[in-house]
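J.: Quick one: the structure is below, and I'll ask about it shortly.
The values are calculated or read from the model by the stated rules, or taken from the named source; none is laboratory data. Please read all numbers here as calculations on a predicted model, not as lab measurements. Every residue, glycine as well, gets a Cβ built from its backbone with ideal geometry; the counts of neighbours run over all protein chains shown.
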Amino acid sequence: EAFTAIEKKDSQIQAYLTLDEAGARAVAARLDDKLLTNEPKGLLFGLPVGIKDNLVTEGLRTTCASQFLSNYDPIYDATAVTKLKQADTVTIGKLNMDEFAMGGSNENSSFQKTRNPWNLSRVPGGSSGGSAAAVAAGEAYFTLGSDTGGSIRQPASYCGVVGLKPTYGRVSRYGLVAFASSLDQIGPVTKNVEDAAYVLQAIAGYDPKDSTSANVEVSDYLSALTGDIQGLRIGVPKQYLEGLEASVKACVLEALRVLEGLGAVWEEVSLPHTEYAVAAYYLLASSEASSNLSRFDGVRYGVRADHAGSLLDLYHASRSQGFGPEVKRRIMLGTYALSSGYYDAYYLKAQKVRTLIKRDFDEVFEKYDVIVGPTAPTTAFELGSQVNDPLTMYMNDILTIPVSLAGVPALSVPCGFADGLPVGLQIIGKAFDESTILRTAHAYE
Ligand code: GLN
């Protein structure tokens, strides 16, 4: 079914970078055998899934949408992928993204531009744009994405699907090609909230292969879906209602009325350091990226430049031809910020801002169970309209980035349409309290 949808639609949507029909059929045949022999079925038995192309998959090309890795076939699976396989899913292919997950529209992919299934002249969002578009177009039952500053939630919002960024450390990052290691998280993109709970159940948990994965017990996310949010205390940050497109704001206020109707109470709260989040994020994320991406030298991974003279020439030539413009911009920014004379002025200062932002959240969560607001200030924008304007592009993340800096979990759930394009409601929870987010979103949906 997924392959039929892909055949029909993907020449337009362009969500997939690599398809593995033979591999998928082989797994499906094995699952059929399981049925015949009455073996126990995994939690996600037989579901066709797509994987963002920055999660390594054994024997299946993994490019991070970069020329640099256009020939890279990993020899192992990311832990999240292994866990999906253990749950009996069928991997059908790898999904487009912004190169190395840097971007918010998929236009930084060095292979193709994915389109928004609701309107083909619009972007699907990013960087997990392929993951969101594939679910919206029925080209996978669900997908995995990664979120560093909003890359699961923002495309989910633009494409009218559910996207969950778990608490930092909830899902193992082993096998996720690192962008900014202190922020990266893997999470599900699904059609509805119940599916998100199922997928999180399958992929969450401690992993000795990722030293930052948390040794915290995994809750029963499915039993959290009670439909009951009577008495739930919701904080709505006043900063999150400023500077929104009017029609987006209207959808969010309507959603708050619905939540009220379900017995929740909401009040305006303040996250006073919100305005510094984007600046701090781009500094920290670029710094970490410049360090993480130093492993791409044309020797250990990926495409090596021809005819280089010395070893330094080889590094230089391979990196010049392998990375696209946005990746280079961030490596330069990050290297500059980390250089010895500037460390205190930039990196250290940004770390301090990060602490203040985390404290903002801690304070609100002393009194409230969840924080609710929009996922993004606008709906999906026109392809090409922001490519040459990185600052405008960066500002699209203003509502998702603070959550990433604080390390807390958040989910985007569709909350209506503005001018024919989907709008997402962001529900933010306390660290490791994905259950309350899922319960709230499920009751609302
Ligand atoms: N759009 C943000 C960026 O470009 C977020 C990316 C992400 O979460 N991977 O960094």
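J.: Keeping to the range 290-327, report how many residues are part of a helix (DSSP H, G or I) and either closer than 18 Å to CYS64 by Cβ or within 16 Å of the ligand (Cβ to nearest atom) (or both). Outline the logic, then answer.
T.: From the range 290-327, those part of a helix (DSSP H, G or I) are 290-295, 311-322, 325-327; that's our starting set.
From the residues that got through so far, the ones that are either closer than 18 Å to CYS64 by Cβ or within 16 Å of the ligand (Cβ to nearest atom) (or both) too are 290-295, 318-322, 325-327.
Residues that pass the stated criteria total 14.
Residue by residue, here is whether (1) under 22 Å from ALA202 (Cβ atoms); (2) modelled with pLDDT under 95 holds:
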site: THR4; (1), (2): no, yes
site: GLU7; (1), (2): no, yes
site: LEU17; (1), (2): no, no
site: GLU21; (1), (2): no, no
site: ALA24; (1), (2): yes, no
site: LEU47; (1), (2): yes, no
site: LYS52; (1), (2): yes, no
site: LEU55; (1), (2): yes, no
site: THR62; (1), (2): yes, no
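J.: Starting from the range 22-36, keep only residues that are free of Cβ contacts under 8 Å to residues at least 40 places away in the same chain, then list their pairs with residues that are surrounded by 11 or more Cβ atoms within 10 Å (Cβ to Cβ) and of a type in the set (D, E, K, R) whose Cβ atoms are within a distance under 8 Å, requiring at least 6 positions of separation or different chains.
T.: LEU35/LYS41
J.: So which of SER121, SER128 ends up being hydroxyl-bearing (Ser, Thr, Tyr), touching a residue at least 12 places away in the same chain (Cβ under 8 Å) and within 11 Å of the ligand (Cβ to nearest atom)?
T.: Details: SER121 fails: within 11 Å of the ligand (Cβ to nearest atom).
Within the list SER121, SER128, the selection yields SER128.
J.: Please determine whether any residue of the range 408-425 is within 15 Å of the ligand (Cβ to nearest atom), out of contact with any Ser or Thr (no Cβ under 9 Å at 6 or more places or on another chain) and not in a strand (DSSP E or B).
T.: No, there is no match, as no residue in the range 408-425 is within 15 Å of the ligand (Cβ to nearest atom), out of contact with any Ser or Thr (no Cβ under 9 Å at 6 or more places or on another chain) and not in a strand (DSSP E or B).
J.: Is at least one residue of the range 158-173 within 22 Å of TYR301 (Cβ to Cβ), modelled with pLDDT of 95 or more and more than 13 Å from the chain's Cα centre (by Cα)? Walk me through how you get there before you give the answer.
T.: Initially, the range 158-173 is screened for residues within 22 Å of TYR301 (Cβ to Cβ), giving 172-173.
Then drop every residue that is not modelled with pLDDT of 95 or more, which leaves 172-173.
Restricting the remaining residues to those that are more than 13 Å from the chain's Cα centre (by Cα) gives 172.
Yes, the range 158-173 contains a residue that is within 22 Å of TYR301 (Cβ to Cβ), modelled with pLDDT of 95 or more and more than 13 Å from the chain's Cα centre (by Cα).
J.: How many of the residues making up the range 78-118 are among the hydrophobic types (A, V, I, L, M, F, W, C) and either at pLDDT below 95 or within 16 Å of the ligand (Cβ to nearest atom) (or both)? Please lay out each step first, then the result.
T.: Let us first name the residues in the range 78-118 that are among the hydrophobic types (A, V, I, L, M, F, W, C), namely 78, 80-81, 84, 87, 90, 92, 95, 97, 100-102, 111, 118.
Next, only the ones that are either at pLDDT below 95 or within 16 Å of the ligand (Cβ to nearest atom) (or both) stay: 78, 80, 95, 97, 100-102.
Residues in the range 78-118 being among the hydrophobic types (A, V, I, L, M, F, W, C) and either at pLDDT below 95 or within 16 Å of the ligand (Cβ to nearest atom) (or both): 7 in total.
J.: What number of residues within the range 226-247 are closer than 18 Å to ALA410 by Cα and assigned to a loop (DSSP other than H, G, I, E, B)?
T.: Residues flagged as closer than 18 Å to ALA410 by Cα and assigned to a loop (DSSP other than H, G, I, E, B) within the range 226-247 amount to 2.
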